[in-house]
Amino acid sequence: MRHFKILGWLWLLFGGFWSLLIAWAFITGAKSQDGVIMFSEVWWEQVIVETLECSFFVWSALLGVALLRHWHHAHVAAAILGALALGLYAWLVQLPSNPPHTLTQGLLYLSPLATLGLYSVIAVSFVRYEPRVI
């Protein structure tokens with residue numbers, strides 16, 4: 001059970017930090033150099049991507065709370081979000097970035113996401129989860 005408590009805190013800190021950072025960016029408003037924000041995609045693609053990004057961080061914070069409170073199916077959600085984090089890591093490593101960096105730098109920048117996802121999948125696979133019984 002100690003692993004799920006550690007995972008709960010890690011998911012809560014991960015999701016809470018990025019959710020607060022996104023909320024702060026929404027409150028202060030996005031600034032650009034010339035007053036015009038240009039996107040390479042169409043506007044609805046940007047809305048979809050931002051919505052998915054925000055929901056991933058909010059769900060990860062909620063997963064942290066669920067693991068700390070020993071909710072019934074929190075371990076299933078941890079496995080799903082862990083696998084999603086590993087898939088996201090594999091997808092983001094191979095994408096070109098701005099500013100450009102080497103593959104090793106990309107692996108290091110994204111290693112916390114991969115570590116959290118891998119730890120979640122391994123803990124759910126090998127550690128017995130005991131939900132709280134009321």
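No lab work stands behind these numbers, since they all come straight from the coordinates. Computed from a prediction, not measured in an experiment: that's the story for all the values here. All Cβ positions, even for glycine, are placed from backbone atoms using ideal geometry, and neighbour counts span all protein chains on display.
Just a few scattered comments:
- Note on the chain: Cα-Cα pairs beyond 19 Å make up 58% of the total pair count.
- Given +1 at the Cβ of Lys and Arg, -1 at the Cβ of Asp and Glu and no other charges, the dipole of the chain around its Cα centre is 720 debye to the nearest 20.
- Net charge, residue 7 excluded, C-beta distance under 15 Å - Lys, Arg +1, Asp, Glu -1: +3
- Using the Karplus relation 6.51 cos²θ - 1.76 cosθ + 1.60 with θ = phi - 60°, the per-residue 3J(HN,Hα) values for segment 99-113 come to x, x, 9, 7, 5, 5, 5, x, 5, 6, 4, 9, 5, x, 5 Hz, with x marking Gly and Pro.
- Environment charge at residue 70 (Cβ cut-off 12 Å; Lys +1, Arg +1, Asp -1, Glu -1): +2
- Degrees between helix 2-28 axis and first principal axis of the chain (Cα, 0 to 90, nearest 10): 30
- The length gained on full extension between residue 49 and residue 126, counted as 0.36 nm times the residue separation minus their Cα-Cα distance, comes to 24.4 nm.
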